[in-house]
Structure formats: structure tokens, C-alpha cells
1. Hand me the list of strands (runs of 3 or more DSSP E) wholly inside segment 103-194 holding 3 or more residues that are under 19 Å from Y85 (Cβ atoms) and at pLDDT 95 or above.
2. Across segment 97-120, which residue is farthest from the chain's Cα centre (by Cα) among those that are of a type outside the set (A, V, I, L, M, F, W, C) and within 19 Å of A44 (Cβ to Cβ)?
3. So if I check each of G160, G148, which one is over 18 Å from R18 (Cα atoms) and either over 18 Å from the mean Cα position of the chain (by Cα) or without any contact (Cβ under 8 Å) to a residue 40 or more places away in the chain (or both)?
4. Check segment 68-90 and report whether any residue there is part of a strand (DSSP E or B), more than 16 Å from F150 (Cα to Cα) and touching a helix residue (DSSP H, G or I) at 6+ places or on another chain (Cβ under 6 Å).
5. Criterion first (buried (at least 20 other Cβ atoms within 10 Å of the Cβ) and within 19 Å of the chain's Cα centre (by Cα)) does A94 satisfy it?
6. For segment 30-52, which residues satisfy the criterion of being assigned to a helix (DSSP H, G or I) and within 15 Å of the chain's Cα centre (by Cα)?
7. Can you pull out every residue in segment 15-54 that is among the hydrophobic types (A, V, I, L, M, F, W, C), more than 24 Å from A81 (Cβ to Cβ) and modelled with pLDDT of 90 or more?
Amino acid sequence: MNEIVLASRNPNKIQELRELLSIPDFRVLSSINFPELEEVQEDALTLKGNALKKAKYVAMVTGLPSLADDTGLEVTALNGAPGIYSARFSGKHASYDDNVEKLLSEMSQTNERNAQFRTVVAFVDADKQWIFEGICMGKISRLRKGAGGFGYDPIFIPDGFDLSFAEMDSEQKNSISHRGLAMKKVVAFLQEWA
């Protein structure tokens, strides 16, 4: 049985990643299983840098292969913001609601609604590392729609759909989302790597 550690304590992200990583002969752990792990400061200047930093640290401490992602919502009207600051857009301890409210407020006077979600996944095993990326293009709605998902899901409507991520079931969302697209590449890689 191969073991992989997800470098995250976010229960929403862990659940989503576990759904996406359903591979026979793999046991998916997370940072929650290792209380000795410290919180990694996401202070790199890129999504790739943050993902690598988390994966390298967790692999070093646990001695197990580690997988970490960093995701940013990049809004055209805000010159790519919030980007790497998506999780803390309205402050260090911001809630999902705080971030959504700030984004809607900053976009209240513009009709330019284009945005993309971008996920970068780092997989680290011993001294080797691999990077995978997924992008989902879409628009920012003016109002929240749906009660599912997390983060910016209630206001992100992927191209080709009338539903927000928060209105989709997890299977539909995972089939088209940034994280889902990146993780399809990871799963294909891990099936060869194992």
C-alpha cells in the first residue's frame, strides 16, 4: 500500500483531494494525521512556490511522499488579484464569507467579470519533485449562488455553465474545476509512479 500525505489541514480541501485521488493501493493521509507538523507560511511569490514549500516540508518531516496544492482566483478586472492572496484576501484570518464580500465589493462598479481559477500541485518524493497545473476559466457573478462548495465557489461560474461551483454536486464540479483538472494529471502520474 502506497501512502501519500496531503499537506493540508483544511477539511474542505482534504475531502475534495481525497475524492480526486481515489486510486487503488493508495492510502491518502493528511497533515491532520501528523500533529508534529507545523503550519507552513505561504509566503512564496507564486502558487508553485507555495505548493512546493508545503510539499517539501511535509515530505521531510514525515518521510513520506507529499502532495500540496496552492490555488488562486485571478480576476481580470483586478489585474489578477487576489491570486496568491486568495485565502487571505480580506486579512490573515479571513473567513470564506469575508473574502467573497470583499471581492464582490471591489467589483461592484465593473462589468468586466472574467476570471480564472488556477491550481498548482506539487508532488515531492525524497529529493524529487513534480509540478502539475489546472486552470478553469469563468466569470464572477454579482450575487452568491448555491450553498455547496467552499471559498469563492458561490460566485464563480465556469465558462459554458449557468451554475456556480456552489450549485454543482462534487462530481460535476470536480470534472471541470481547476483542482480537478490538475489532479487528473496527478492521478495519471501516480498510476505510473507506483
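The values are calculated or read from the model by the stated rules, or taken from the named source; none is laboratory data. Note that the coordinates shown come from a computational prediction; the quantities given were computed from them, not determined experimentally. Note: ideal-geometry Cβ built from the backbone for every residue, glycine included; neighbour counts use all protein chains shown.
1. On the way: elements: 114-125, 128-140, 156-158.
Strands (runs of 3 or more DSSP E) meeting the threshold: 114-125, 128-140.
2. Among residues in segment 97-120 that are of a type outside the set (A, V, I, L, M, F, W, C) and within 19 Å of A44 (Cβ to Cβ), the one farthest from the chain's Cα centre (by Cα) is R118.
3. G160
4. Yes.
5. Numbers: buried (at least 20 other Cβ atoms within 10 Å of the Cβ): no; within 19 Å of the chain's Cα centre (by Cα): yes.
In short, no.
6. Result: L47, K48, G49, N50, A51, L52.
7. Initially, segment 15-54 is screened for residues among the hydrophobic types (A, V, I, L, M, F, W, C), giving 17, 20-21, 23, 26, 28-29, 32, 34, 37, 40, 44-45, 47, 51-52.
From what's left, more than 24 Å from A81 (Cβ to Cβ): 17, 20-21, 23, 26, 28-29, 32, 34, 37.
Passing the criteria: V28, L29, I32, F34, L37.
Residue-by-condition table, conditions (1) touching a residue at least 24 places away in the same chain (Cβ under 8 Å); (2) surrounded by 13 or more Cβ atoms within 10 Å (Cβ to Cβ); (3) closer than 17 Å to F123 by Cα:
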{"site": "V5", "(1), (2), (3)": "yes, yes, yes"}
{"site": "Q15", "(1), (2), (3)": "no, yes, no"}
{"site": "P24", "(1), (2), (3)": "no, no, no"}
{"site": "S66", "(1), (2), (3)": "yes, yes, yes"}
